[in-house]
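**Student:** What follows is a single structure, and I will ask about it in a moment.
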Amino acid sequence: MNKRQMGKQKEALAAKLLSLNGYEVIAFNYRCRVGEVDVIAKEGGYLVFVEVKYRSSLRYGEPQLAVDCRKQKKIKEVMRWYCYHEQVGEASIRFDVVAILGDKFQIIKNAFA
């Protein structure tokens, strides 16, 4: 399985895990002119933009550390695009990360602001 296929598989797993943990997934692999975000969901009164990161080992560090400032900025640009084009209005926004390390996962709420 190549890297892209593995990424798609882990993103689908993350969407399922989010659903099992009370999230209502409303978009999966949302793409627009400014970029893409893995999952958009609703949870606890929030509109949540979720980045999924997978590592098979700690060789390159913890998965969530790959969501660096550049990636955070891109996710925020996608969020603004989505909110404008979907006419979201005044919504409480949150950015979460699903970190998958091997067969273990962690949902990190409010991963960045």
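**Student:** Failed condition for residue 10, given (1) in contact with a strand residue (DSSP E or B) (Cβ under 8 Å, 6 or more places away or on another chain); (2) of a type outside the set (S, T, N, Q); (3) at pLDDT 95 or above; (4) open to solvent by 20 Å² or more (accessible area, probe 1.4 Å), with all others met?
**Tutor:** Against the list (1) in contact with a strand residue (DSSP E or B) (Cβ under 8 Å, 6 or more places away or on another chain); (2) of a type outside the set (S, T, N, Q); (3) at pLDDT 95 or above; (4) open to solvent by 20 Å² or more (accessible area, probe 1.4 Å), residue 10 comes up short only on (3).
**Student:** Now for a separate question. Please specify each residue of the range 47-92 satisfying the condition of being assigned to a helix (DSSP H, G or I) and either open to solvent by 90 Å² or more (accessible area, probe 1.4 Å) or among the β-branched types (Val, Ile, Thr) (or both).
**Tutor:** Across the range 47-92, the qualifying residues are 58, 59, 60, 65, 69, 70, 73, 75, 78, 80, 84, 85.
**Student:** I need every pair where a residue in the range 64-90 that is over 16 Å from residue 53 (Cβ atoms) has its Cβ under 9 Å from the Cβ of a residue that is surrounded by 15 or more Cβ atoms within 10 Å (Cβ to Cβ) and polar (S, T, N, Q), sequence separation at least 6 or different chains.
**Tutor:** Partner pairs satisfying both residue conditions: none exist.
**Student:** Right, another one. Considering the range 93-113 alone, what residues qualify as being part of a strand (DSSP E or B), farther than 15 Å from residue 15 by Cα and in contact (Cβ under 8 Å) with a residue 40 or more places away in the chain?
**Tutor:** Within the range 93-113, 93, 94, 101, 111, 112 meet the criteria.
**Student:** On to the next question. Do you know which of the residues in the range 18-46 that are modelled with pLDDT under 95 and more than 19 Å from residue 89 (Cβ to Cβ) is most open to solvent (accessible area, probe 1.4 Å)?
**Tutor:** 28
**Student:** Confirm whether residue 18 is within 16 Å of residue 110 (Cα to Cα) and assigned to a helix (DSSP H, G or I).
**Tutor:** Answer is yes for this residue.
**Student:** Let me ask another. Output the residues belonging to the range 28-46 that are without any contact (Cβ under 8 Å) to a residue 40 or more places away in the chain, out of contact with any Phe, Trp or Tyr (no Cβ under 8 Å at 6 or more places or on another chain) and assigned to a strand (DSSP E or B).
**Tutor:** Listed by number, the residues that qualify are 28, 29, 31.
**Student:** Still on this structure: Given the condition closer than 21 Å to residue 113 by Cα and of a type in the set (D, E, K, R), answer yes or no: does some residue in the range 48-56 qualify?
**Tutor:** Yes: the range 48-56 contains one or more residues that are closer than 21 Å to residue 113 by Cα and of a type in the set (D, E, K, R).
**Student:** Which number in (1) out of contact with any strand residue (DSSP E or B) (no Cβ under 9 Å at 6 or more places or on another chain); (2) not in a loop (DSSP other than H, G, I, E, B) marks the one condition that residue 1 misses?
**Tutor:** (2)
**Student:** While we're looking at this one, here's another question. Report whether or not residue 111 is of a type in the set (Gly, Ala, Ser), open to solvent by less than 20 Å² (accessible area, probe 1.4 Å) and at negative phi.
**Tutor:** no
The values are calculated or read from the model by the stated rules, or taken from the named source; none is laboratory data. What you are looking at is a predicted structure, and each value in this text was computed from that prediction instead of being measured. Every residue, glycine as well, gets a Cβ built from its backbone with ideal geometry; the counts of neighbours run over all protein chains shown. Areas reflect the complete protein model, heavy atoms only, side chains present, ligands, DNA and RNA absent. Shrake-Rupley method; radii C 1.70, N 1.55, O 1.52, S 1.80 Å.
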